[in-house]
Every structure is written in C-alpha cells, then in structure tokens.
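**Student:** Structure incoming, see below.
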Amino acid sequence: MIDTNLPNFESDLREVENMFCDTDAVKIRHRFTEGENKFVNTVTVNGKVYAYGNLVKGDLDELVKKRLVKRYAKLSIYKALAKFFEKELPWGALTGIRPTKLAYQQMEESGEFEEFFTDVMKVSKEKTDLTKKVIESQKGIYQKNDDNTDFFAFVPFCPSRCKYCSFISADIKSARAHVDDYVDALIDEIEFSKRFIKKLRSIYVGGGTPVALSNAHLEKVLRAIEKINSGVEFTVEAGRPDCINKENLKILKDYGVTRICINPQTFSNKTLELLGRKHTAEEVVEKFYMAKDEFIVNMDLIAGLNGESQEDFENSIRKSIELSPDNITVHTLCIKRGSYLAEEEHRLSGEAVDIMVDFAHSQLEANGYSPYYLYRQKNMAGNLENVGYSKAGKACVYNVDIMEEIASNVACGANAISKRVFNGGERIEREASPKDVITYLNKLEVIKERKTKLFL
Ligand code: SF4
C-alpha cells in the first residue's frame, strides 16, 4: 500500500516505489489547479518532504489530464526517491509501458522522443540511445494496420521444470494423462480460429517446450497450422536442447517452420545444473549445428543468474557470438513470485547485472548484431531490460508485433491471450484463456464463444 490521494493509480505509484525499496515509505498528495493547468505533487519519504510542480499549456481533455496526473505523480515519486536514496535508475520513472511504445507515441505527438525521455522521464542517455536504435531496426517491419494478424499456439509442457521459471508449464511426464486431450483441443481451437485471421504476418508456436511433445503429437499440431500458413515467418520455440533431435527438426522443416529458438540461457554447465535445465552447454552447440542450415536460429541468454560471475556471463556471450545464430536475446533475470529462485540467496546486485548487460550490448554490436526489440518486466534485476538482437534482415516479425502491440493476435491453447487492436493499437481488447490445462479442456466451447465476440 502506498499512502496516496490517487487511489486509482495506487499500483502504478507502488511500482515506482518498489524500484527503490519494498517498504511502505512513501506518501504522496496530488493537487491540480484548474485554469493554471498546474499539477502539484508533495511526496514524503520517511518524514522528508519533496514538492514538485508541472505546468501544462493549452486545453486538456479528460483523457490527457488523467494521463498527466499519473505521469507527474510517478515522476514526483521517482525524483523524491532518487534524491532520498541518492541513486538514479537507468530507465528513470519509466514503468508500466514499453519504452519503444512510449517513444513511438511521443514521436507521433511531437516528432521526437529523446528529449522527453532524458529531460522529463529521467531516462539515462544510454537507454534513450538503445530505444532509438531499436526503433531504427524496426523500420520496414513496424507497420500499423488493424488487419495485421499474428497467430499463436501454446504448448504448456516441458521435459522438466527449470528453477527460475514462473510460466505455466507442466513436466510432460507428470502431465502424461492430459497430453492427448490437450493436443486434440488445441487442434480444435486452431481450426476454429482460422476464421479470425485477416492479414497473416507470422505464426509462433510457443511454450513451454513444443518439441517436448512426441513426434506424432507435434505433427498433428503442425498439420493443423499448415492449413493457415500462407508462407509467412513461422517460429517454433524449440527451447530446450535436450528435446531437439534430427527427427523433430525434420518434422518442423516439413511443415514450413522457418525459425526456431534454441535457448542455452548460459554456457556454464554448473549453472545449468543448478537451474535444473537437464542439458549441457555442449548439447546446445550440438543441436545448434544440427539446425543452423535449415532454420533461422534464435538463442536466449540470461544476465544475472544466481551465482554467475561476470566471467561466466562473458563466456556465454562469447560462445553465442562464436556460434553466430541470427538472433540473440539477452534477458535480465526476472524473479517472479512462485519461482524457486525467488527464495534463493546469492542474488547478484543490480550494478553487477548492469555491467553484464553493457558487456552484451557492446560485444553484440561489435559483431554485427543490432537491437531490434526491447521490453521490461516487473522485478527485473537492476531495473534493466530484455533486448533482442539480430543480424541485418533477420529480425523476427512476431517479436516486433508483440512488443509494440500493433497487430492483432489470434492465440490458441491454455494460457493464450488473444488480442485485437483498434486504431493502430490505441485501443486493445484481450481475451485470456484459462492457465490451467484441465480448466482449458473443460472451457473450450466458452473460449470459442468469447473469441468470436472479440474478433467478429
Ligand atoms: S523450458 Fe522454459 S517454460 Fe519450460 S520450465 Fe524451463 S524456463 Fe519454464
């Protein structure tokens, strides 16, 4: 709880507070003076008082005013806490919105975003430059058209649970009794959902680990998707190298998959064991070479894994660059409640993770990779970001559409969230399916009805 007279924005304000401390140290009082268009916020941190005022020219409609009330209140809390703790954060007061999305909005309104980022939102020059590079890389892919549709299917099974994972994904061995029914329901939903696709941009089968399915199940799912594929980018999140083999790679190829993800997360065998990943770094290399001539490959790495040194992380970056996949995504460890690592000690400091992320950025850029999407989540180590890098011309359309929320998404399966965009993403309506497999199976008909309401 944060002590505020803006109860509607309580959770947004708490997000800023949580970037500095997790105690209830902050009190904020907001006042707006009509006529003057003056937003005044008085923030008290452990008894110390800070006051900030912002004047805005011109007429304000209710929607804009509401947006500014929230923005200036968050900013005031950020400034007060930065002063109190004598600490600036890389993304300043930016929370709750993707940096690129805000930058695009700002460019539409005023033709530029950089000054707004650095001077108003207190974003560092380095992160502002990163945002600019991402926007630059998205040229030719970023496209606002309400007919644009991406298609997603979710497979909620994995060969085993990784300790840092908070996704809804079951160990396929313990979920064995439901896999048959799940595959049939997913196919049913895929076939039903074809009607909602307007202009197909990309297909993504994610998880979980889709290739944890038996070859027969995998083939069934891909056969259903093949019927909607008009030759667009088609990604399967192969994910765990311990599930990838020549047979399932051939199936993916036969059904038109163009990209796969092979995710090392780290090239340290010691860390992989600690994470419960059940594969080695050598296996990543072996599976990468098995796939690289047939698919565009994305590799995911994580900065800030418990117990990893700077040297471990640098080694992972170097090994990835040596392999030279088309895409490398560098995630910052995000500890969510419910994941085993949330309970663990030996967490790295934000500063240590910051150095890792900087290293990744400079090495990847020096080796021909450009950042092309970025997003932030709550509880990220060091309040940093996840960045997807790609070689020229190899950026993933699906990732851009998802991050920028500029295309509708017809999503199938448990835990899938379908999304319809209006006016280039100004308004978005969503329909989420139940996370749990059994509830999904029982509610399939209701899900179909709700989807029909969303898209037709
Ligand atoms: S493979 Fe991915 S989805 Fe599956 S348990 Fe590990 S992190 Fe979670």
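**Student:** Checking the conditions here, which among Leu384, Leu374, Leu364 is surrounded by 17 or more Cβ atoms within 10 Å (Cβ to Cβ), more than 18 Å from the chain's Cα centre (by Cα) and touching a residue at least 12 places away in the same chain (Cβ under 8 Å)? Full working, then the answer.
**Tutor:** Details: Leu384 fails: more than 18 Å from the chain's Cα centre (by Cα); Leu374 fails: more than 18 Å from the chain's Cα centre (by Cα).
Going through Leu384, Leu374, Leu364 in turn, just one is surrounded by 17 or more Cβ atoms within 10 Å (Cβ to Cβ), more than 18 Å from the chain's Cα centre (by Cα) and touching a residue at least 12 places away in the same chain (Cβ under 8 Å): Leu364.
**Student:** State all residues of segment 135-164 that are farther than 18 Å from Val205 by Cβ and either within 15 Å of the ligand (Cβ to nearest atom) or among the polar types (S, T, N, Q) (or both); if no residue qualifies, say none. Break it down into steps so the answer makes sense when it comes.
**Tutor:** So in segment 135-164, the residues farther than 18 Å from Val205 by Cβ come out as 135-148, 160-164.
Those that are farther than 18 Å from Val205 by Cβ and either within 15 Å of the ligand (Cβ to nearest atom) or among the polar types (S, T, N, Q) (or both): Ser137, Gln138, Gln143, Asn145, Asn148, Ser160, Arg161, Cys162, Lys163, Tyr164.
**Student:** Of the residues Gly276, Gly206, only one is under 23 Å from the mean Cα position of the chain (by Cα) and over 30 Å from Ile141 (Cβ atoms); which? If you could, list the steps in order and put the result at the bottom.
**Tutor:** Values: Gly206 fails: over 30 Å from Ile141 (Cβ atoms).
Going through Gly276, Gly206 in turn, just one is under 23 Å from the mean Cα position of the chain (by Cα) and over 30 Å from Ile141 (Cβ atoms): Gly276.
**Student:** Let me ask something else about it. Please go through segment 170-220 and give me each residue that is within 19 Å of Leu444 (Cα to Cα), within 16 Å of the ligand (Cβ to nearest atom) and free of Cβ contacts under 8 Å to residues at least 40 places away in the same chain, ordered by number.
**Tutor:** Val179, the sole residue that qualifies.
**Student:** I'd like to check something: does segment 298-311 contain any residue that is among the hydroxyl-bearing types (Ser, Thr, Tyr), surrounded by 16 or more Cβ atoms within 10 Å (Cβ to Cβ) and in a loop (DSSP other than H, G, I, E, B)? Step through it out loud before you land on a result.
**Tutor:** Taking segment 298-311 and keeping what is among the hydroxyl-bearing types (Ser, Thr, Tyr), we get 309.
Subsequent filtering for residues that are surrounded by 16 or more Cβ atoms within 10 Å (Cβ to Cβ) retains none.
No, segment 298-311 contains no residue that is among the hydroxyl-bearing types (Ser, Thr, Tyr), surrounded by 16 or more Cβ atoms within 10 Å (Cβ to Cβ) and in a loop (DSSP other than H, G, I, E, B).
**Student:** Does segment 286-301 include one or more residues that are out of contact with any Asp or Glu (no Cβ under 7 Å at 6 or more places or on another chain) and modelled with pLDDT under 95?
**Tutor:** The answer is no; no qualifying residue exists.
**Student:** Taking only segment 41-72 into account, find how many residues are out of contact with any helix residue (DSSP H, G or I) (no Cβ under 6 Å at 6 or more places or on another chain), in a helix (DSSP H, G or I) and of a type outside the set (Asp, Glu).
**Tutor:** Matching residues across segment 41-72 total 9.
**Student:** Just checking, how many residues over segment 7-22 are among the acidic types (Asp, Glu) and over 20 Å from the mean Cα position of the chain (by Cα)? Outline the logic, then answer.
**Tutor:** Step one: list which residues in segment 7-22 are among the acidic types (Asp, Glu), which gives 10, 12, 15, 17, 22.
After this cut, where a residue has to be over 20 Å from the mean Cα position of the chain (by Cα) as well, the list is 10, 17, 22.
Count: 3.
**Student:** I'm checking my understanding of the structure. Among residues of segment 393-444 that are basic (Lys, Arg) and without any contact (Cβ under 8 Å) to a residue 40 or more places away in the chain, which one is surrounded by the most Cβ atoms within 10 Å (Cβ to Cβ)?
**Tutor:** Filtering segment 393-444 for residues that are basic (Lys, Arg) and without any contact (Cβ under 8 Å) to a residue 40 or more places away in the chain, the one surrounded by the most Cβ atoms within 10 Å (Cβ to Cβ) comes out as Lys419.
**Student:** Checking the condition away from the ligand (no atom under 16 Å from the Cβ), within 26 Å of the chain's Cα centre (by Cα) and either on the phi < 0 side of the Ramachandran plot or modelled with pLDDT under 95 (or both), which residue from Thr258, Thr266 passes?
**Tutor:** None of the others qualify; the one that does is Thr258.
**Student:** Also, quick follow-up: Could you grab me the full set of residues in segment 391-401 that are farther than 23 Å from Tyr164 by Cα and assigned to a helix (DSSP H, G or I)? Don't jump to the end; show me each part of the working.
**Tutor:** Our first condition is that a residue be farther than 23 Å from Tyr164 by Cα; within segment 391-401, this holds for 391-398, 400-401.
Matches in segment 391-401: Val397, Tyr398, Val400, Asp401.
**Student:** Which one is farthest from Glu404 (Cα to Cα), of the residues in segment 369-390 that are in a strand (DSSP E or B) and among the hydrophobic types (A, V, I, L, M, F, W, C)? Even if it seems obvious, please write down each step before you answer.
**Tutor:** Of segment 369-390, the ones in a strand (DSSP E or B) are 370-375, 380, 386-390.
From what is left, the residues that are among the hydrophobic types (A, V, I, L, M, F, W, C) are 374, 380, 387.
Values: Leu374: 9, Met380: 20, Val387: 13 Å.
Residue satisfying both the conditions and the ranking: Met380.
**Student:** Take the residues in segment 269-292 that are of a type in the set (Val, Ile, Thr) and within 16 Å of the ligand (Cβ to nearest atom); name whichever of them is nearest to Glu237 (Cα to Cα).
**Tutor:** Val284
The values are calculated or read from the model by the stated rules, or taken from the named source; none is laboratory data. Keep in mind it's a predicted model, so treat the numbers as computed, not measured. So basically every Cβ, Gly included, is an ideal-geometry build from the backbone, and we count neighbours across all protein chains shown.
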